[in-house]
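Structure first, commentary second.
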Amino acid sequence: MVAIAADPGSLSPTTALASTALAMNSFAYDTLVHIAADGALIPGVAEKWTVTSTSARFTIRSGVSCEDGSALTATDVAAEYNHIADPANQSPMLGFSVPVTAVAKADEATRTVTVTTTRPAPFIAHMARLLPLLCEESLAAPAALAKSTGASGPYRLTEAVPGDHYTYARRDEYTWGPRGATGADLPRTVVFKVVANESTAANLLMAGQIDVAQINGGDQQRLDAAEVKNRSIDALSGQLMFNQAAGRPSADLAVRRALISVLDLKDLRNVATGGKGTPPTSIGEIAPTPCTGDPVTGNLPAHDPERAAAALTAAGWSKSGGTWTKDGKPLTVGFSYATNQGAQVASAVELAVQKWTSFGVKASADPVSGASIAGTLTGGDWDVAWAPIGVTLPDQLTQFYDGPPPPKGNNFGAVANPDYHRLAARASAMPGTSGCALWEEAGAALVKRVDIVPIVSRPIRHYAKGVTFQVDGSGIIPTTLRRSAS
């Protein structure tokens, strides 16, 4: 039994981008390729592939099936690429697992799928490891998979009780896993149990009532003291995002700089992680990733409340009755965050709100459920959000920081940074790691303009008793899950 901090919401694989949903879907849906710990791609449903900066050709292995018994074919894979690439379907997977402008064609005689783009897609093969594969019947009605599966991977969903638990059963016919993994190697069932409170999850783990729990807060100390084993991977765990849509206070660069200059980011980092976090060196890329530069260090505004006040004054704001105002309106900011990120993050948000209030901002903390945070960002009624974004490739961030805002895109903050746009475009034209230096410059442009403020990185730890596994940026790697002797 695996504890999850929040209900995943919809599990439909062509639309689900919430981290919990992605982790659960990896149990049910296989992908064309997988990634090793050293960052190298290894075969999945595709037994081999060739790539250029604008195309990829995958050879689909024979014998792959979905849970209804139908064969997963090259035609199915091509149809899914084209479904996600069609703007009419408004899939958030576009730009995440499928390149924008992608067109796929299948050749059943050679079992190949050729994906081409009209503009460079430097990591087109790497993106394929994030595409949950569907057979024809499931793709015809993907919304029906919100609380069911059309599994192509090692497990299928057999029971969904939203807000409580989700039960997955092993597919004994699964024989095409990475590096020879099969269904016979895996536990017969996996239950994802919603446990909203981390301390409760830690208690259940210690008592043997659950097998795995992701623990990021203060309960790590007692689990470590009890020598409970864990698997971890470093990730950006705290980042501020600003809503720059017209009419929002954070559309004003002076406001964004002032809000951050008022804060001591070191204090915020320590509160959010119980002193266990480290200064971030990325804007969301989770290892293993091809580019490892540091766009953050030296590019954040310094802690300087006096300079913040001067910047607001220069931008036409004035302080009246202890509150900053402009054109007769007070500077009012709501700070949104997901409650499933734990009590320490909630305390960090409250600390920021206190500092802003003391500075003269009408600030409030706006908690929302973990399943609702994406809807909050998409809906547009927010100002500042604690919203770390985790990706595996630098070009996947362009959908969040460039291009159209919702509902036409995923640029939640309506960011319009000309330097990022220019540098990301240049980097995208360079295949693979040859563009990494430009990707680093592009990320730095976002930080310097206070479009995003990376706060803290920390290890994401999955503690376990009675099972072993490996992890990547999505969580447990399903085909590595095993019952242990102890």
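The values are calculated or read from the model by the stated rules, or taken from the named source; none is laboratory data. This one's a predicted model, so the numbers in the text were calculated from it and none came from an experiment. Neighbour counts run over all protein chains shown; Cβ positions are idealised from the backbone, glycine included.
Within region 46-69, is there a residue that is within 22 Å of Pro154 (Cα to Cα), aromatic (Phe, Trp, Tyr) and assigned to a helix (DSSP H, G or I)? No; the residues of region 46-69 include none that is within 22 Å of Pro154 (Cα to Cα), aromatic (Phe, Trp, Tyr) and assigned to a helix (DSSP H, G or I). Does any residue of region 180-199 turn out to be under 26 Å from the mean Cα position of the chain (by Cα) and assigned to a helix (DSSP H, G or I)? Within region 180-199 (the criterion being under 26 Å from the mean Cα position of the chain (by Cα) and assigned to a helix (DSSP H, G or I)), the answer is yes, since at least one residue qualifies.
Failed condition for Ile260, given (1) in contact (Cβ under 8 Å) with a residue 60 or more places away in the chain; (2) part of a strand (DSSP E or B); (3) under 16 Å from Gly360 (Cα atoms), with all others met? Status for Ile260: all satisfied but (2). Looking at this structure, is Ala16 small (Gly, Ala, Ser), outside any loop (DSSP other than H, G, I, E, B) and assigned by TED's automatic domain parsing to the domain that holds Arg179? Here the answer is no, as Ala16 does not meet what is asked. Filtered by the rule that a residue be in a loop (DSSP other than H, G, I, E, B) and closer than 23 Å to Val191 by Cα, region 218-244 gives Asp219, Val228. Please tell me if Gly432 is modelled with pLDDT under 90 and surrounded by fewer than 21 Cβ atoms within 10 Å (Cβ to Cβ). The answer is yes for Gly432. Tell me, yes or no, whether region 129-142 has at least one residue that is of a type in the set (D, E, K, R), assigned by TED's automatic domain parsing to the domain that holds Ala18, in contact with a strand residue (DSSP E or B) (Cβ under 6 Å, 6 or more places away or on another chain) and modelled with pLDDT under 95. Within region 129-142, one or more residues are of a type in the set (D, E, K, R), assigned by TED's automatic domain parsing to the domain that holds Ala18, in contact with a strand residue (DSSP E or B) (Cβ under 6 Å, 6 or more places away or on another chain) and modelled with pLDDT under 95. Restricting region 263-276 to residues that are within 25 Å of the chain's Cα centre (by Cα) and part of a loop (DSSP other than H, G, I, E, B), which is nearest to Ile373 (Cα to Cα)? Across region 263-276, the extreme among qualifying residues is Gly274.
The helices (runs of 4 or more DSSP H) found entirely in region 367-486 that carry 2 or more residues being among the acidic types (Asp, Glu), closer than 30 Å to Ala254 by Cα and touching a Gly at 6+ places or on another chain (Cβ under 9 Å) are 436-448.
Looking only at residues in region 316-347 that are crowded, with 22+ Cβ neighbours inside 10 Å, within 21 Å of the chain's Cα centre (by Cα) and among the aliphatic types (A, V, I, L, M), the one that is farthest from Arg269 (Cα to Cα) is Ala338.
In the set Ala251, Ala258, only one residue is surrounded by fewer than 21 Cβ atoms within 10 Å (Cβ to Cβ), of a type in the set (Gly, Ala, Ser) and assigned by TED's automatic domain parsing to the domain that holds Ala309; that residue is Ala251. You will find that of Thr167, Thr189, the residue that is out of contact with any helix residue (DSSP H, G or I) (no Cβ under 9 Å at 6 or more places or on another chain), surrounded by 15 or more Cβ atoms within 10 Å (Cβ to Cβ) and either polar (S, T, N, Q) or in the same structural domain as Thr339 (by TED's automatic domain parsing) (or both) is Thr167 and no other.
Here region 261-291 is the region considered, the condition is being β-branched (Val, Ile, Thr) and under 27 Å from Gly409 (Cα atoms), and the residue that is modelled with the lowest pLDDT is Thr289.
Of all the listed residues (Asp395, Asp419, Asp383), the sole one being of a type in the set (Asp, Glu), in contact (Cβ under 8 Å) with a residue 24 or more places away in the chain and under 27 Å from Arg129 (Cα atoms) is Asp395. Mind checking which residues of region 76-133 are of a type in the set (Gly, Ala, Ser), assigned to a loop (DSSP other than H, G, I, E, B) and within 21 Å of the chain's Cα centre (by Cα)? Selection gives Ser91, Gly95, Ser97, Ala121.
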